[in-house]
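Everything below concerns the one structure shown next.
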Amino acid sequence: MYLHPHLETMSRRDLEALQLERLQRTLALAAEAPFYRERLASAGIEPARIRSLADLRHIPLTSKDDLRRSYPKGMLAVAEEDVVRMHASSGTTGKPTVIFHTAHDLDAWTDLVARSLYAAGMRRRDVFQNMMTYGLFTGGLGLHYGAERVGMLVIPASSGNSKRQVQLIQDFGTTAVHITPSYALHLAQEVPQFGVADPRDLGLKFAVMGAEPYSIGTARKIEAAFGAKVFNCYGLSEMNGPAVAFECAERNGMHLWEDNYILEILDPETLEPLPPGAKGELVLTTINRTGMPILRYRTKDLTRILPEPCPCGRVHQRIERIMGRTDDMLIIGGVNVFPSQVEHVLMELPEVGSTYQIVLTKENCLDRMTVKVELRDPAFTGNLAQLHALQKRIEHELKSALLLTCRVKLVEPGDIPPSQGKAVRVVDERGGN
Ligand code: ADP
Ligand code: ZN
């Protein structure tokens with residue numbers, strides 16, 4: 001039932017003692033990184049003076065902006081030769097946020113993924129098909145190694161190409177998949193095209209789903225379509241990636257692995273701690289990472305702690321499925337996009353006027369992003385071929401900045417209605433899922 005019985009079920013007191021010990025080690029290590037050396041010094045914090053978990057609140061919060069500003073290596077706490085892998089996630093204005101891992105860090109992360117998949121019920125005999133994009137994103141390699149550690153056969157299918165996905169499932173007897181909710185809905189629709197009348201005939205038992213928000217209704221819909229159980233998986237690249245928190249077999253909230261992270265729920269306005277059970281911003285501190293420790297990271301994700309103990313017996317507190325964000329970050333087909341990134345690209349182009357609008361829709365259950373771009377008056381004197389070339393160029397620029405394919409629609413000045421007050425930059429017509 002537990003892959004790491006001791007670490008998963010120790011008493012709360014033992015867990016807190018372990019957290020404190022690891023926090024102290026983490027602080028000493030963080031002070032080796034240029035960014036934290038300065039940050040801690042200017043806040044007057046000596047790592048050795050942090051003597052209890054309660055003292056954590058004296059440490060300044062870290063934001064995504066801090067990561068961006070210390071790009072690429074300002075938060076590195078070890079010698080460069082000790083780093084064995086990097087991952088990256090989108091930043092707000094072009095520069096990504098980069099996370100470095102030592103061999104220890106990858107080993108610890110792999111353990112968390114393995115522990116999570118095992119808690120859901122996956123075992124050596126299962127076959128795990130990873131339909132998340134491989135590459136700088138964490139959903140590919142992160143889950144990959146954890147699934148191998150459980151001992152499953154892992155198929156690194158990566159995302160897209162439904163025909164091949166179905167073929168692999170059939171030929172290799174896949175029982176577990178890692179998939180985004182939107183792709184799962186899309187795949188369910190496509191399956192009959194490939195000679196499988198009912199997606200339930202594929203024989204899937206487990207679907208690990210994360211990377212973007214989804215409702216319990218969507219989870220149940222996907223379960224009904226595939227006849228598989230859905231397990232919610234939460235993570236963010238700043239905290240390694242997937243499997244920061246994961247649903248156990250009870251499937252009622254996600255256990256946040258507190259032997260690796262200290263969790264706080266803060267009021268996003270006042271930044272004061274909220275009582276257990278209240279909804280607020282999740283703030284996380286890595287306590288088992290050496291390459292790039294991050295202290296009190298503002299995830300901008302809204303959730304709450306489920307204060308009652310879980311019947312599964314794990315000591316790690318559960319958080320509720322993510323209820324929203326405190327910033328304007330969009331998640332489009334699992335890829336994070338900030339409207340400011342789009343703006344940044346557009347404003348570099350002399351042909352573009354001052355107004356743009358991002359329109360999000362669903363096509364065959366998949367997210368579609370269209371950017372309406374208003375042209376500056378003189379640009380409209382160009383002929384159709386020139387306009388077409390400009391459209392393609394903007395699409396290309398956006399794709400390389402966002403790592404996401406989107407459609408560009410050029411419009412005349414005045415076509416996007418001027419707003420009263422705050423500009424409406426995003427029109428989300430995807431509907432709640
Ligand atoms: P990933 O590669 O896993 O998408 P990113 O760092 O790019 O990691 O994105 C992390 C963000 O994705 C989180 O802060 C959160 O907003 C969102 N996210 C990840 N998992 C979930 C989940 N299970 N439910 C809701 N949102 C999620
Ligand atoms: Zn549980």
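The values are calculated or read from the model by the stated rules, or taken from the named source; none is laboratory data. Not measured: the values here are computed from a predicted model. Neighbour counts run over all protein chains shown; Cβ positions are idealised from the backbone, glycine included. Accessible surface is based on the protein model in full, side chains and every heavy atom, while ligands, DNA and RNA are left aside. Shrake-Rupley method; radii C 1.70, N 1.55, O 1.52, S 1.80 Å.
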* Asked: Within the stretch 234-252, which residues are open to solvent by less than 10 Å² (accessible area, probe 1.4 Å) and within 16 Å of ligand 2 (Cβ to nearest atom)?
  -> 243, 244, 245, 246, 248
* Asked: For residue 393, are the conditions met, namely being of a type in the set (D, E, K, R) and either buried (at least 19 other Cβ atoms within 10 Å of the Cβ) or in a strand (DSSP E or B) (or both)?
  -> no
* Structure fact -> The correct count of residues that are surrounded by 15 or more Cβ atoms within 10 Å (Cβ to Cβ) and either at pLDDT below 90 or assigned to a helix (DSSP H, G or I) (or both) in the stretch 347-381 is 10
* **Tabulated pairs, the stretch 75-89, first closer than 20 Å to residue 38 by Cα, second among the acidic types (Asp, Glu) and within 16 Å of ligand 1 (Cβ to nearest atom), C-beta under 9 angstrom, 6+ apart or interchain** => 75/66
* To do: Tell me which residues, restricted to the stretch 271-325, are assigned to a loop (DSSP other than H, G, I, E, B), at positive phi and either away from ligand 2 (no atom under 16 Å from the Cβ) or not assigned by TED's automatic domain parsing to the domain that holds residue 88 (or both).
  => 271, 277, 296
* Asked: With respect to the numbered conditions (1) in a helix (DSSP H, G or I); (2) open to solvent by 40 Å² or more (accessible area, probe 1.4 Å); (3) farther than 22 Å from residue 264 by Cβ, which one is the sole condition not fulfilled by residue 73?
  -> (1)
* To do: Output the residues belonging to the stretch 254-267 that are open to solvent by 10 Å² or more (accessible area, probe 1.4 Å) and within 14 Å of ligand 1 (Cβ to nearest atom).
  => 263
* Yes or no: residue 230 within 16 Å of ligand 2 (Cβ to nearest atom), modelled with pLDDT of 95 or more, under 20 Å from residue 186 (Cβ atoms) and of a type in the set (Val, Ile, Thr)? -> yes
* Structure fact -> Picked from the stretch 103-146 (must be of a type outside the set (D, E, K, R), open to solvent by 10 Å² or more (accessible area, probe 1.4 Å) and not in a helix (DSSP H, G or I)), the residue farthest from ligand 1 (Cβ to nearest atom) is 127
* Select, from 342, 337, the only residue that is within 16 Å of ligand 1 (Cβ to nearest atom), aliphatic (A, V, I, L, M) and not assigned by TED's automatic domain parsing to the domain that holds residue 248. => 337
* Is there a residue in the stretch 309-329 that is within 16 Å of ligand 1 (Cβ to nearest atom), surrounded by fewer than 17 Cβ atoms within 10 Å (Cβ to Cβ) and β-branched (Val, Ile, Thr)? -> yes
* Give the residues of the stretch 206-217 that are surrounded by 19 or more Cβ atoms within 10 Å (Cβ to Cβ) and over 18 Å from the mean Cα position of the chain (by Cα), sorted by residue number. => 206
* From 149, 164, 200, grab the single residue that is modelled with pLDDT of 95 or more, part of a helix (DSSP H, G or I), more than 16 Å from ligand 1 (Cβ to nearest atom) and under 22 Å from the mean Cα position of the chain (by Cα). => 149
* To do: State whether the residues of the stretch 156-168 include one that is within 30 Å of residue 6 (Cα to Cα), more than 16 Å from ligand 2 (Cβ to nearest atom) and β-branched (Val, Ile, Thr).
  => no
* Which residue out of 226, 231 is away from ligand 1 (no atom under 16 Å from the Cβ), touching a residue at least 40 places away in the same chain (Cβ under 8 Å), farther than 19 Å from residue 335 by Cβ and open to solvent by less than 20 Å² (accessible area, probe 1.4 Å)? -> 226
